[in-house]
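Note sheet for the following structure.
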Amino acid sequence: MGVDLPLLDFSKFLYGNPAERLKVAEQITDCFTRHGFIKLKNHGVSDDIVQGIWKWGKLFFNMTTEQKMKIIHHPGPDPQRGWSKKGAETTSKLRKENADGAPTGELLDEKEHFDCGPPGDEQFPNIYPEEDLPGYKEFIENYFAAAQKACLEIMSACEVGLHIPEGTLVNSCIPAASELRMLHYPAVSIETLEKGLIKRAWPHTDFGIITLLFQDALGGLELEDRSDPFHFVPVITESSNEMVVNISDTFNRWSNGTIKAGLHQVNVPPGLRGSTHGSVPERYSSVFFFKAHREASVGPLKEFISSERPAQYSDINALEFHREMTDILY
Ligand SMILES: O=C(O)CCC(=O)C(=O)O
Ligand SMILES: [Fe+2]
């Protein structure tokens with residue numbers, strides 16, 4: 001029982017010799033296949049950027065409601081831009097679509113977030129608090145570039161680990177169409193969370209290719225223990241520089257259902273489980289939803305289709321898939 005996620009050293013892929021690259025690539029795809037999740041160190045996103053997540057996250061969410069309202073996101077099927085206030089999104093509806101026995105109804109997530117796409121996105125322009133928080137946009141754009149680069153390297157590692165031709169995954173990811181999210185979970189009473197109508201984030205899978213995640217020292221991210229379905233265990237990160245990566249729905253589709261998306265939620269942090277009263281401190285985290293380029297197919301790749309395993313998913317493009325999924329989410 002339990003899930004032992006090893007902390008893999010990605011520098012062995014980035015700078016290692018061919019044998020080292022192959023070894024870590026296979027560890028990555030093996031862990032992804034078994035758990036839907038991996039943990040990486042030396043991933044190439046600098047400590048400065050990770051420290052910036054905590055610094056800029058606090059500055060952003062500490063802005064007044066009036067300031068945040070200037071860049072509020074208007075819900076709809078297109079990619080999210082700007083600030084979404086607490087209760088705007090319910091991940092539980094997605095869950096309802098994905099599996100039986102899941103919570104149903106309007107279960108809200110106890111979180112607020114900021115979302116943006118690639119710097120200079122013309123199709124879905126980003127919105128920043130440029131006057132109210134100078135420097136934020138510049139930080140976010142640098143973080144976006146570093147996260148996008150890390151994801152492309154992880155795709156290369158997956159190609160090596162899965163023994164599929166170079167470029168099979170990477171070529172569908174350029175130009176960038178990823179989404180970056182800064183998250184803040186306000187302090188909440190344990191009683192409220194334990195009552196079960198509110199969760200920091202309900203069980204869900206993400207719908208890009210992979211998601212990078214950084215969480216603060218408080219923690220609270222949990223993944224499904226596949227040996228005990230619908231039972232969740234904490235993803236323990238020893239330092240806030242550790243990168244947690246999950247497989248998301250697009251990878252599941254590309255692999256024709258052989259590499260499944262990692263089901264996850266955000267719960268009472270490990271150190272506070274079992275308490276019956278008191279409050280759970282606020283929490284900060286950030287996720288980078290790595291997406292295929294908007295016209296790329298999110299149907300199964302030919303490497304994963306055979307006469308024994310015909311295509312399980314339709315051949316739609318990434319933007320159509322995104323719209324389909326956000327329609328469920330809001
Ligand atoms: O904050 C976290 O740890 C996870 C957030 C998450 O799963 C999401 O936004 O999709
Ligand atoms: Fe998620």
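Which of the residues belonging to the stretch 280-302 are more than 16 Å from ligand 1 (Cβ to nearest atom) and open to solvent by 70 Å² or more (accessible area, probe 1.4 Å)?
Across the stretch 280-302, the qualifying residues are 295, 302.
Taking the criterion of being part of a loop (DSSP other than H, G, I, E, B), polar (S, T, N, Q) and in contact (Cβ under 8 Å) with a residue 24 or more places away in the chain, would at least one residue in the stretch 55-71 satisfy it?
No, because not a single residue in the stretch 55-71 is part of a loop (DSSP other than H, G, I, E, B), polar (S, T, N, Q) and in contact (Cβ under 8 Å) with a residue 24 or more places away in the chain.
How about the stretch 108-126: which of its residues are part of a loop (DSSP other than H, G, I, E, B) and touching a strand residue (DSSP E or B) at 6+ places or on another chain (Cβ under 8 Å)?
Selection gives 110, 111, 117, 126.
Restricting to the stretch 253-270, give me the number of residues that are more than 15 Å from ligand 1 (Cβ to nearest atom), open to solvent by 10 Å² or more (accessible area, probe 1.4 Å) and outside any loop (DSSP other than H, G, I, E, B).
Number satisfying all stated conditions: 1.
For the stretch 166-217, list the strands (runs of 3 or more DSSP E) that sit wholly inside it and hold at least 2 residues that are modelled with pLDDT under 95; which are they?
201-204
Within the stretch 188-201, can you find the residues that are farther than 12 Å from residue 269 by Cβ and within 16 Å of ligand 1 (Cβ to nearest atom)?
198, 199, 201
I'd like the residue in the stretch 40-50 that is part of a helix (DSSP H, G or I), in contact (Cβ under 8 Å) with a residue 40 or more places away in the chain and open to solvent by 10 Å² or more (accessible area, probe 1.4 Å) and, out of all such residues, is farthest from residue 7 (Cα to Cα).
Once the filter is applied, the top-ranked residue is 49.
Restricting the stretch 219-248 to residues that are within 14 Å of ligand 1 (Cβ to nearest atom) and assigned to a loop (DSSP other than H, G, I, E, B), which is most open to solvent (accessible area, probe 1.4 Å)?
My answer is 236.
Looking only at the stretch 180-216, count every residue that is in contact with a Cys (Cβ under 9 Å, 6 or more places away or on another chain) and open to solvent by 10 Å² or more (accessible area, probe 1.4 Å) and tell me the total.
Going through the stretch 180-216 one residue at a time, the tally reaches 1.
Please give the number of the condition residue 169 fails out of (1) more than 12 Å from ligand 2 (Cβ to nearest atom); (2) of a type outside the set (Lys, Arg); (3) within 16 Å of the chain's Cα centre (by Cα).
Only one criterion is unmet by residue 169, namely (3).
The values are calculated or read from the model by the stated rules, or taken from the named source; none is laboratory data. What you see is a predicted model, and the numbers here were worked out from it, not measured in a lab. We place every Cβ from the backbone using ideal geometry, glycine too, and count neighbours over all the protein chains shown. Keep in mind that these areas ignore ligands, DNA and RNA; they rest on the heavy atoms of the full protein, side chains included. Shrake-Rupley method; radii C 1.70, N 1.55, O 1.52, S 1.80 Å.
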